[in-house]
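Rule-based calculations on the coordinates, nothing more; no lab input. In this text, all values refer to a predicted model and were calculated from it rather than measured experimentally. Cβ placement follows ideal geometry from the backbone for every residue including glycine, while neighbour counts extend to all protein chains displayed.
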Amino acid sequence: MNLDLYAYHSSPDELLVLGDKRTLESKLFFEKFFPEAVETGTFEDIIKTPTYAIQYAMVNKWNRFEIAEKYIAKSAKYSYRYAVHILKDKFPMGEKSISTSSEYSQLYGISTQKRFKLGEPAILKNPVDAATYASNVIKGRWKEAEPIILSDFEAIFSYVEYVVKGRWKDAEPIIMKHKDKDIVNEYFWILLDTLSYDVDKFLKSKYRKQFINFVKSVGLEGYEEDELK
């Protein structure tokens, strides 16, 4: 085999070489860096394997590895990693694959700091990812996602703390119905966080009356009786 990667590399002068070889025909590269890869198949197979293609780009001074991109693009995980670590930009060829994964769709949106519309249907299937995406990409309430976020307490708490930043009345019946003191405590203390940990400010706020019964009903720790009159 005589595969000359220098013909395809974006910065051939910076490409790491071993000895005086300018091709992969000697196997020296992979024998040094990825000995397990040498046992898995031919070099064509290695190039077609996203995990090895990414690693190859990384050890070669993080340069773009265009000959392998069509194979990397088949994987959501490695398309995302290639975009973030190698291209440091969008990877349009891999976006279709990325969009199949809730996790990598929201991470891709965070990395580009732009809504990733193609991946939003997948994100909408995962409450925690949806809350994270709303906080870090949309940077505000995401009405379309709220029904799924309400299905998971971790997602609810994240959404209240980082997006709503105050009472989320739609969540309160779900929290109260759960009748778990720890769950209610968590919600209440997150609300206090949004008011700068100022208990007095909270108790004097416009929500005070509504929350007196709310707090008493679960025997919330940390308050004296006269504070809840």
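Couple of notes before you dig in:
- Per-residue 3J(HN,Hα) values for segment 102-113, derived from phi via the Karplus relation 6.51 cos²θ - 1.76 cosθ + 1.60 with θ = phi - 60°, read 4, 4, 7, 5, 5, 5, 5, x, 5, 5, 8, 6 Hz in sequence order (x marks Gly and Pro).
- Remark: the Cα gyration tensor places segment 55-197 in the prolate category, a/c being 1.5 or greater and a/b exceeding b/c.
- Per-residue Cβ neighbour rank within 10 angstrom, fewest leading, Thr132, Thr100: Thr100, Thr132
- Derived scalar couplings between HN and Hα for segment 152-168 equal 9, 5, 4, 5, 4, 5, 4, 5, 5, 6, 9, 10, 5, 6, x, 4, 10 Hz in order, rounded to whole Hz, by the Karplus curve 6.51 cos²θ - 1.76 cosθ + 1.60 (θ = phi - 60°), x for Gly and Pro.
- Remark: the Cα gyration tensor places segment 62-145 in the prolate category, a/c being 1.5 or greater and a/b exceeding b/c.
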